[in-house]
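Below is one structure, written out as structure tokens; the observations come after it.
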Amino acid sequence: MKAELLAPAGSYEALTAALSAGADAVYLGGAAFGARAYAKNLTEEEVLRAIDFVHLHGKKLYLTVNTLLKEEELEERLYPYLLPYYRQGLDAVIVQDLGAMRAIRRWFPKLPIHVSTQMTVTGSAAARMLEKEGAVRVVPARELSLAEIQRIRRTTNLEIECFVHGALCYCYSGQCLMSSLIGGRSGNRGRCAQPCRLPYEVYEKGRRLGERGDDYPLSPKDMCTVELLPEILQAGVTSLKIEGRMKKPEYTAGVVSVYRKYLDLYEENPGRYRVLPEDLKKLYDIYNRDGFNQSYYKVRNGREMMALKNEKQTVGSQRGRRNEQLFYDIRKKYLETPLREPVSGCLTLCKGTPAVLTVYAGDACVTVEKDGIQQAKRQPLSEARVREQMEKTGNTPFRFEQLDIFMEDDIFVPMQFLSELRREAMERLEQELVVPFRRKEKPQGREAAAPDAFEKTGFVSEDHENSCEKNPTGDEPEKTENRMVRVTASAQTRQQLDTLLQFPEFSVIYADMFCFSKEYYQEEAGAAMAKAREQGITLMLALPHAVREGQLNPWKETFRQLAQEGLGGFLVRNLESYGFLEEAGLADRVVTDYSLYTMNHRAQDFWEQRSVLRDTAPLELNRHELARRDNSRSELMVYGYLPMMVSAQCVKKTMDGCNGRHALITLKDRYGINFSVKCHCEFCYNVIYNSLPLGLLKEAWAVKALEPCAVRLSFTMESAAQTERIAGQFLGAYLHGQVQETSQEYTKGHFRRSVE
């Protein structure tokens, strides 16, 4: 399969520039549901025109619907938004939301679905699951290595689309709430305010880390992988994706032209692949952020990947002068020279018969006839004059590569006659070329979106009616009308777990899987399970926030054995963990965390049909949006330091070097606010937490009115004493209506405010 060069199109001008420079396909956002809401996205009319434009030139167009959709957006706006594009011949849609994916597959069965990098696919188990759901292409997490990508390619039939150039997020895409929690602008809704690009001071135990001027610890350099193209292609990548819908058309055209050159070079002669220094310099001059890195293809993370200093302040003016000439040259070559497809034609002009023009392009052929050829009275037309007029195709997407003219010597027609003949032929040829892409059959409309016979229809199934009880496999539950809200808790340390096990009021406790030592894992976990049973508590394991290819494989037999011994199940934070458990036969013991987003009922249905015990309500819905949601199978977070970022990068390693030990780092922003960073060394990732814990203590009545399956307390950095105090306060509020005064300062998260 020939590799595709895929370019961003933040505007119509960028689209035409990308194709002129050699892109095989473009991806763009329309008026809604795109992850770059602040780009100059195209109107409906422009998108429809763009679909025809790319098809006329033998290219493809993919539309981004790579945001999380709220209930009313999915049910009321998505279908009419996509319908005209579907009929026009849209080549594929790029999707983040599992509910949107399921709806699109049903509404528009012939529309290919590409899984966005926002879905955080970090391994082959997740990819296999999504392939079964109907995806034809996956854009895996940018953090994956070449070996991990190759594993996905070998074990699925999916096309693999990977970023090769442009900006890198610090966080796993789709797992960032930093902009949302700080400023109400959600990256999951296409409105990221990029707080990662701001300055921060870094401290560990009061000691400032880093060198002088290292003020941007969360800002990665841009990626540039043109030198790695052979290895990327050999890993099985089928689409090379350039980032940059927010950038100028000159950026798009310039970058595309370089990658086009070297992709062609590799395909023509792989053994002679070498990137010239002048082309690397061109990419550097077009745009870079404190230099380039080669992304994560060959490294796990590292200081060399980061733009720790603000280069704009030191070399900005010099770069500006250098870029001015470069951008002028790019504009002249790719933006001001129209892209035209070569066509062949045959024109016949004879007295007494109509003029006949036949035009060919690929498999398309049209013939136009027009009466009006006259006997020349004075000056007969010359072939040169006829050719000159016929080759004026400036307002069309075509140019005559070959035009055969057969004409008598003594004829005359007005130039307007020839123009009208040419114009009609070109218009008919254009229609002939785009008609095959039209979808004339009716899509499966919204009326066909009712659940299949095997799907749930709003009631809690018999298999799951006990899912929120203390013991999901035990005694008969209480009657619904007498049930109080249940309280669960998650513990990240052994001290927190031991403290929480002293409270029999908890129905479920999620113990971080690394609460127990590796040497005595079975014994320690077994003892904790026995203690939980004594208290009438179900103990479950909380799996890591980030799981990569094969990382859970050594734990398979341990998990199976613990499940046989009475482990209640697993709190799952990512698709790869779920895919692993599904293939291990343990998927019926899963609770999905908030990071497996269920922003709408179709996303909830996705997990319910997979027999998960329950989900966790998204953190970006406010109380009014939660009230319109069915929470009977959902837990709601009511306490805890919320993860704002989950990153493959390591603040400790970047600023002080890696010692392989757990560390608690502090980020201080320009306002003096501190954010804690935990290094999770077992699976090698960082979590950046909010400065204040979520605390819906006084809001207990409002939370319970939402009728959740349970509410959850999440403990991360608290000491045993703090854990005991906070647990007592929230249990009192939610189980007994006793709200105590507290000096602890809390944030309400999004409970009282919406995200954009």
Exercise. Being aliphatic (A, V, I, L, M), surrounded by fewer than 18 Cβ atoms within 10 Å (Cβ to Cβ), modelled with pLDDT of 95 or more and within 27 Å of GLU699 (Cα to Cα), is that true of even one residue in region 578-587?
Worked result: no
For this session: Please state which of the following conditions ASP605 fails to meet, knowing it meets all the rest: (1) crowded, with 22+ Cβ neighbours inside 10 Å; (2) under 23 Å from the mean Cα position of the chain (by Cα); (3) of a type in the set (Asp, Glu).
Result: (1)
For this session: Confirm whether GLY190 is on the phi > 0 side of the Ramachandran plot and modelled with pLDDT under 95.
Result: yes
Exercise. Checking VAL638 against (1) of a type outside the set (Gly, Ala, Ser); (2) within 29 Å of the chain's Cα centre (by Cα); (3) within 21 Å of ARG300 (Cα to Cα), which single condition isn't satisfied?
Worked result: (3)
Exercise. If the Cβ limit is 7 Å and pairs must be 6+ apart or interchain, which residue in region 123-145 that is in the same structural domain as TYR170 (by TED's automatic domain parsing) pairs with which residue that is among the basic types (Lys, Arg) and in a helix (DSSP H, G or I)?
Worked result: SER124/ARG151; GLY134/ARG105
Problem set entry | All positions within region 664-703 that are surrounded by fewer than 20 Cβ atoms within 10 Å (Cβ to Cβ), more than 27 Å from the chain's Cα centre (by Cα) and within 30 Å of LYS518 (Cα to Cα) | LEU664, THR666
Exercise. Looking at GLU133, GLU148, GLU143, GLU159, which is the one that is buried (at least 24 other Cβ atoms within 10 Å of the Cβ) and of a type in the set (D, E, K, R)?
Worked result: GLU143
Seminar exercise, completed: Conditions (1) more than 22 Å from the chain's Cα centre (by Cα); (2) surrounded by fewer than 16 Cβ atoms within 10 Å (Cβ to Cβ) -> MET246 fails only (1)
Exercise. If the Cβ limit is 8 Å and pairs must be 6+ apart or interchain, which residue in region 307-334 that is acidic (Asp, Glu) pairs with which residue that is modelled with pLDDT under 95 and surrounded by 10 or more Cβ atoms within 10 Å (Cβ to Cβ)?
Worked result: GLU311/ARG289; GLU311/ASP290; GLU311/GLY291
For this session: Please give the strands (runs of 3 or more DSSP E) falling wholly within region 663-703 in which 1 or more residues are touching a residue at least 60 places away in the same chain (Cβ under 8 Å) and of a type in the set (Ser, Thr, Tyr).
Result: 664-668, 685-689
Exercise. In region 343-358, how many residues are surrounded by 16 or more Cβ atoms within 10 Å (Cβ to Cβ) and in contact with a Phe, Trp or Tyr (Cβ under 8 Å, 6 or more places away or on another chain)?
Worked result: 6
Problem set entry | Contacts under 9 angstrom Cβ, first residue in region 267-285 being in the same structural domain as GLU250 (by TED's automatic domain parsing) and exposed (fewer than 15 other Cβ atoms within 10 Å of the Cβ), partner not small (Gly, Ala, Ser) and not in a helix (DSSP H, G or I), 6 or more apart | GLU267/LYS2
Seminar exercise, completed: Among residues of region 2-33 being buried (at least 24 other Cβ atoms within 10 Å of the Cβ) and assigned to a loop (DSSP other than H, G, I, E, B), the residue farthest from the chain's Cα centre (by Cα) is ALA23
For this session: Provide a single number: the residues in region 264-305 that are hydrophobic (A, V, I, L, M, F, W, C) and not in a helix (DSSP H, G or I).
Result: 4
Exercise. If we keep just the residues of region 704-744 that are at pLDDT 95 or above, assigned to a loop (DSSP other than H, G, I, E, B) and more than 31 Å from the chain's Cα centre (by Cα), which is farthest from LEU619 (Cα to Cα)?
Worked result: SER719
Problem set entry | Index of the failed condition, GLN649 passing every other in (1) in contact with a strand residue (DSSP E or B) (Cβ under 6 Å, 6 or more places away or on another chain); (2) crowded, with 21+ Cβ neighbours inside 10 Å | (1)
Problem set entry | Conditions (1) out of contact with any His (no Cβ under 8 Å at 6 or more places or on another chain); (2) under 24 Å from LEU571 (Cβ atoms); (3) of a type in the set (A, V, I, L, M, F, W, C): number failed by VAL739 | (2)
Exercise. Residues of region 375-405 being free of Cβ contacts under 8 Å to residues at least 40 places away in the same chain and surrounded by 13 or more Cβ atoms within 10 Å (Cβ to Cβ), which ones?
Worked result: ALA376, PRO380, LEU381, GLU383, ARG385, VAL386, ARG387, GLN389, GLU391, LYS392
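Of the residues that sit in region 711-741 and are of a type in the set (Val, Ile, Thr) and in contact with a strand residue (DSSP E or B) (Cβ under 8 Å, 6 or more places away or on another chain), which one is surrounded by the fewest Cβ atoms within 10 Å (Cβ to Cβ)?
Ranking the candidates gives THR716 first.
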Exercise. Would a scan of region 493-507 turn up a residue that is at pLDDT 95 or above, part of a strand (DSSP E or B) and aromatic (Phe, Trp, Tyr)?
Worked result: yes
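The values are calculated or read from the model by the stated rules, or taken from the named source; none is laboratory data. Fair warning: this is a prediction, and the values are worked out from it, not measured in the lab. FYI the Cβ positions are ideal-geometry reconstructions off the backbone, even for glycines, and counts take in every protein chain you see.
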